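Here's the structure, in structure tokens; my notes come after.
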Amino acid sequence: MPPEGGPSSGVLLFGGVAAPGNPASQLSDTWRWDRTNWTQSGGGPSARIVTAMARLGDRVVMFGGEDSGGEYLSDTWEWDGSWHQRDVTGPQARGDHAMATLGNVVVLVGGYCGCGMTGALSDTWEWDGSTWTNMNATGPSVLSAESLAAATLGDHVVAFDTNQTTSIFDGHAWTASNVGGPSGRRDFAMASSGSTVILFGGDGLDANDFGDTWQFDGTSWTEVATTGPSPRAGSAMATLGDAIVLFGGLDGSGNVLGDTWSWTGSAWAKLGVSGPSARFATAMSSAP
């Protein structure tokens, strides 16, 4: 199955927050980009941030997140043109986790639960469309890092974290490799682009936000010398055919962004379109 669950005609965006430090500004709207326009649809999950979504066949799967009261969620939803909550048990409540398509399942890894000594999680789960399965995968502890993103690369899932560790999941176990690449950061975005994974931006910890673009080919990271979106953190990215779509984020001056960009494999292009309101900490996925 190709990356992100098969040929796609759009991307789906859900939720996020409109103003930093204001949980009451969390959003519960759903938008779909069809390569030309953003279109809003009604109904669905409650408002939340730091949730995650991934494509599974003719559906988009979403799990968990953090609500406006600071509570972590453990609900599973699927979108097939409208949202449907699945009455299933699975991973414990969390936010800041990562999800990616792997063949005929969706892989969920890590996140933050606000529980235990650190509140960080390093477990790996798979969703097959009806059941969550704990993979009991022997993986590196860095998967519980402060920020984690994941994307499909062929028949593997690639994860990158704040600790600058690249980890690869083959469906059974994680293998970690310190292959260098992007500097340490939080709230960066990743998505598949053909035979590579693209990483963009993030919060530079004690430094400024990043506006750099990196690609991983399964062996090494390479910084792409290109002009693109302004430095930001908390933006969302998703695969759309041979391209990647990026939306929104929060810049270092506290400005919440609502711009749409496309990555064509070698360059960024800003799309002059209107659609979702400005936001960050949102989720986005390839969609049918």
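The values are calculated or read from the model by the stated rules, or taken from the named source; none is laboratory data. Owing to the predicted nature of the structure, the values given are computational and were not obtained by experimental measurement. Glycine also receives a Cβ, built like all others from the backbone with ideal geometry; neighbour counts cover every protein chain displayed.
If you go through the stretch 194-212 and keep only what is buried (at least 22 other Cβ atoms within 10 Å of the Cβ) and closer than 22 Å to LEU153 by Cα, you end up with VAL197, ILE198, LEU199, PHE200, GLY201, GLY202.
If you take the residues of the stretch 208-227 that are touching a residue at least 12 places away in the same chain (Cβ under 8 Å) and part of a loop (DSSP other than H, G, I, E, B), which of them is nearest to GLY180 (Cα to Cα)? Of everything passing the filter in the stretch 208-227, SER220 is nearest to GLY180 (Cα to Cα). Checked across the stretch 141-149, the condition of being in contact with a helix residue (DSSP H, G or I) (Cβ under 7 Å, 6 or more places away or on another chain), crowded, with 20+ Cβ neighbours inside 10 Å and more than 24 Å from ASP242 (Cα to Cα) holds for no residue.
Can you pull out the residues in the stretch 222-260 that are within 16 Å of PHE210 (Cα to Cα) and of a type in the set (A, V, I, L, M, F, W, C)?
VAL224, ALA225, ALA233, ALA236, MET237, LEU246, PHE247, LEU250, VAL256, LEU257
A count restricted to the stretch 235-275 and to residues that are in contact (Cβ under 8 Å) with a residue 60 or more places away in the chain and either assigned to a loop (DSSP other than H, G, I, E, B) or of a type in the set (Ser, Thr, Tyr) (or both) stands at 8. Kindly establish whether GLY70 is closer than 17 Å to LEU148 by Cβ and either surrounded by fewer than 21 Cβ atoms within 10 Å (Cβ to Cβ) or modelled with pLDDT under 95 (or both). No, not satisfied. Candidates VAL158, VAL179: the one that is out of contact with any Pro (no Cβ under 8 Å at 6 or more places or on another chain), modelled with pLDDT of 95 or more, β-branched (Val, Ile, Thr) and more than 27 Å from GLY258 (Cα to Cα) is VAL158.
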